[in-house]
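The values are calculated or read from the model by the stated rules, or taken from the named source; none is laboratory data. Computed from a prediction, not measured in an experiment: that's the story for all the values here. Methodologically, a virtual Cβ is constructed for each residue, glycine included, from the backbone with ideal geometry; neighbour enumeration extends over all protein chains shown. Note: accessible area is taken over every heavy atom of the protein model, side chains too, but ligands, DNA and RNA are not part of it. Shrake-Rupley method; radii C 1.70, N 1.55, O 1.52, S 1.80 Å.
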Amino acid sequence: MCTSRLFTLVLVVQPPRVLLGMKKRGFGAGLWNGFGGKVQPGESIEEAARRELLEESGLTVDTLQKMGEITFEFVGNSELMEVHIFRADHFHGEPTESDEMRPQWFQLDEVPFKHMWADDIYWFPLVLQKKLFRGYFKFQGQDTILEHTLKEVEEV
C-alpha cells in the first residue's frame with residue numbers, strides 16, 4: 001500500500017533564461033532544480049509553492065501558472081511523491097542564496113540536464129513551451145528511470 005505526499009516545484013522563466021538552484025543539502029543535493037518542497041498541513045499547494053520559492057531564492061511572485069503534475073515512485077520507498085509544477089514569468093526581488101539552494105540563471109539552450117534529475121529532460125521543455133502535462137516516473141535510486149509516462153493534457 002503506497003501513500004502519497006504533496007510537493008511543489010517552481011520554475012522562474014525569463015526568456016531567454018531560466019532560474020535554477022543548486023541543491024546544497026538533503027534530497028537531491030548536488031543537482032540543479034527548480035524551487036520547491038513539501039506542502040505543510042493547513043497550506044494550499046500554491047501557498048506552499050510561493051513559500052518555498054521565497055525561502056529558497058528570496059523571490060516573490062504575483063502569478064503562478066500551474067503547468068503539470070508528476071508522481072514519482074522510488075523503489076524501496078512506499079511513499080509516492082506527488083509534485084505540482086508551476087511556472088513564474090514575473091517576479092520581485094533578486095535571486096539570493098539560501099541554506100538549501102544557490103540560484104543561478106541559465107540560458108534556455110544551456111540548461112544543465114546532465115546535472116539535474118534524469119526526468120527533467122522529458123518534461124522541462126513542456127514547461128518552457130507552456131504546455132500542460134501529467135506524468136509518472138519510477139526511479140531506482142536517484143539516477144535510473146525504470147519506467148515513465150508523460151502526456152500533454154488540457155488542464156491540470
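Miscellaneous remarks
- When restricted to residues that are open to solvent by 60 Å² or more (accessible area, probe 1.4 Å) and touching a strand residue (DSSP E or B) at 6+ places or on another chain (Cβ under 7 Å), region 118-129 contains 1.
- Only residues that are touching an Asp or Glu at 6+ places or on another chain (Cβ under 7 Å) and among the hydrophobic types (A, V, I, L, M, F, W, C) were counted across region 11-36, and they come to 2.
- Being assigned to a loop (DSSP other than H, G, I, E, B), at negative phi and not hydrophobic (A, V, I, L, M, F, W, C) is a property that holds for GLU155.
- Neighbours by Cβ (under 8 Å, 6+ apart or cross-chain): first from region 47-75, hydrophobic (A, V, I, L, M, F, W, C); second part of a helix (DSSP H, G or I) and surrounded by 17 or more Cβ atoms within 10 Å (Cβ to Cβ): LEU59/LEU53; VAL61/ARG50; VAL61/LEU53; LEU64/ALA49; LEU64/ARG50; MET67/LEU126; MET67/VAL127; ILE70/TRP123
- Any hit, region 59-75, residues being within 18 Å of LEU6 (Cβ to Cβ), in contact with a Gly (Cβ under 9 Å, 6 or more places away or on another chain) and hydroxyl-bearing (Ser, Thr, Tyr): yes
So that you can scan it fast, the table gives a plain yes or no per residue for (1) open to solvent by 70 Å² or more (accessible area, probe 1.4 Å); (2) of a type in the set (D, E, K, R); (3) more than 24 Å from GLY76 (Cβ to Cβ); (4) free of Cβ contacts under 8 Å to residues at least 12 places away in the same chain:
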| position | (1), (2), (3), (4) |
| --- | --- |
| MET116 | no, no, no, no |
| PHE133 | no, no, yes, no |
| GLN142 | yes, no, no, no |
| GLU155 | yes, yes, yes, no |
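- Residues of region 26-58 that turn out to be basic (Lys, Arg) and under 25 Å from GLU110 (Cβ atoms), as a count: 0
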